[in-house]
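Single-structure report; data block below.
The values are calculated or read from the model by the stated rules, or taken from the named source; none is laboratory data. Given the structure is predicted, the values throughout are model-derived calculations rather than measurements. Every residue, glycine among them, receives a Cβ derived from its backbone with ideal geometry; neighbour counts consider all protein chains shown.
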Amino acid sequence: MFPSCDLCRAEILPGRDIRYEVSIRVRAHCDPGPPPGPGTEFAEPASPEEIQGALDLIGSLDVGEILERLQRTLRVSLCAACHGAYLQAPHSGSRARPAARLD
Ligand SMILES: [Zn+2]
């Protein structure tokens, strides 16, 4: 079985066709908000019980799941025709959605 284009499903024949690989990295970011202004009321500090509850929650989470939520890389294979169209409009939703592979 030959690899195929993830958009048009055309076979990409090794030794004859060029296969283009697109990698899309999606990472979580938490940008800080604006600095507090004068008169800002701050929340009460967390109690020891609240801190222990947060630590227990973190300890119960699966590390793999946490990492998957923070960063994922999608890899898509494209044929020559779809490669050109993709570069013209990479965010276009007019084509079929690719069957991206996750790393
Ligand atoms: Zn294609």
Unmet requirement for L67, which otherwise passes all of (1) more than 16 Å from the ligand (Cβ to nearest atom); (2) hydrophobic (A, V, I, L, M, F, W, C); (3) in a helix (DSSP H, G or I); (4) modelled with pLDDT of 90 or more
(4)
Sort out which residues of segment 1-23 are in contact with a strand residue (DSSP E or B) (Cβ under 7 Å, 6 or more places away or on another chain) and over 15 Å from C82 (Cβ atoms), and write them in order of number.
F2, S23
Looking only at segment 10-42, count how many residues are in a loop (DSSP other than H, G, I, E, B), surrounded by 12 or more Cβ atoms within 10 Å (Cβ to Cβ) and among the charged types (D, E, K, R).
2
Looking only at segment 1-57, which residues are under 30 Å from L78 (Cα atoms), more than 13 Å from the ligand (Cβ to nearest atom) and β-branched (V, I, T)?
I24, V26
Pairs needed: first member in segment 5-32, without any contact (Cβ under 8 Å) to a residue 12 or more places away in the chain; second member anywhere, assigned to a loop (DSSP other than H, G, I, E, B); C-beta distance under 6 Å; at least 6 residues apart or different chains.
E11/F2; L13/F2
